Amino acid sequence: MIQLKTIEDIILIKKSASLASKTLGMLAKEIKPGINTIYLDKLAENFIRNHGGTPAFLGLYNFPNTLCASPNNQVVHGIPNEKPLCEGDILSIDCGVYMNGFYGEHAYTFEVGEVSFHKKKFLDCSKKSLYIGISNCKYGNCIGDIGYSIQSFIEKNGYNVVKDLVGHGLGKNMHEDPKIPNFGKKGKGLKLKEGLVLSIEPMVNIGSSKIIFHKDGWTVSTLDNKISAHYEHNVAIVDGSPCLLSTFRYIYKELNIKSLEENHFQNPKIGIDDL
């Protein structure tokens, strides 16, 4: 059942999503060769709790940690561990926060030290597909329009979207209806309505779209062992248009990245993060 949100609900979801964004921003300066992901996990848990939130993933469906930390060929749901990160790795981090009765979550794929040109190109393309999908989150469009826009852009650039995992609605539950595939057909599926809050999260493989599920019950990796990227924003439909509830601006501040990519997805009714 789909739960449409009031402006008041959306503002509270934004507070949770913003804390997840700030957590990833805090982690951005810590991600470097030699660091392990269990260290990052502890930093994230403490940061979230110290800022009035609860780590949303910790214990959710019995997940054992605060972060999903997925390096290189891991697609999503990687369990933090003590293995050091290496120069040239990539690391997808998914972070969730529960606060004021609502969930927020956020994902970004980080470069570890210096990565190759072809990895940078792949990550850039994967992130661009996220914003292309978000631009289609508007009143009167269909779910298929979101997935089609992501899939067509990714495949045009020679990569593949994961088809066995999807985005979703978000609110008082971490995972709500509707499901949001990263593939689809124009004009197909549920029509988007005012007050819908979604997690848009392209999962993109540099090689085959096929994945495997590990025996730990969580980790998902690429079948061909090639790298994968994951980016995620929380988006609300407000005044018929997509409004970002999460932001990469905290990450960009730490990494000294200048970007205008989020400027088109703000709404003063919901508020804009002030760095």
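Below are the figures for this structure:
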| item | result |
| --- | --- |
| Unmet requirement for K188, which otherwise passes all of (1) over 30 Å from N256 (Cβ atoms); (2) part of a loop (DSSP other than H, G, I, E, B); (3) out of contact with any Cys (no Cβ under 9 Å at 6 or more places or on another chain) | (3) |
| Residues located in region 191-208, provided they are part of a loop (DSSP other than H, G, I, E, B) and out of contact with any Leu (no Cβ under 9 Å at 6 or more places or on another chain) | I206 |
| Lone qualifier among F153, F183 - being crowded, with 18+ Cβ neighbours inside 10 Å, in a loop (DSSP other than H, G, I, E, B) and either modelled with pLDDT of 95 or more or out of contact with any strand residue (DSSP E or B) (no Cβ under 6 Å at 6 or more places or on another chain) (or both) | F183 |
| Matching residues in region 71-127 - criterion: being closer than 26 Å to G52 by Cα and touching a Lys or Arg at 6+ places or on another chain (Cβ under 9 Å) | P80, V97, M99, N100, G101, F102, Y103, G104, Y108, T109 |
| Test: D94 is acidic (D, E) and touching a Cys at 6+ places or on another chain (Cβ under 9 Å) | yes |
| Flag for K29 being among the basic types (K, R), under 19 Å from the mean Cα position of the chain (by Cα) and closer than 24 Å to G171 by Cα | no |
| Qualifying residue in region 234-243 (condition: of a type in the set (D, E, K, R), more than 17 Å from the chain's Cα centre (by Cα) and over 30 Å from K138 (Cα atoms)) | no |
| Residue tally, condition surrounded by fewer than 20 Cβ atoms within 10 Å (Cβ to Cβ) and outside any helix (DSSP H, G or I), over region 16-71 | 14 |
| In region 72-83, the residues that are touching a helix residue (DSSP H, G or I) at 6+ places or on another chain (Cβ under 9 Å) and not in a loop (DSSP other than H, G, I, E, B) | none |
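The values are calculated or read from the model by the stated rules, or taken from the named source; none is laboratory data. These numbers come from a predicted model, not from an experiment. As a convention, Cβ positions derive from the backbone with ideal geometry for all residues, glycine included, and neighbour counts pool all protein chains shown.
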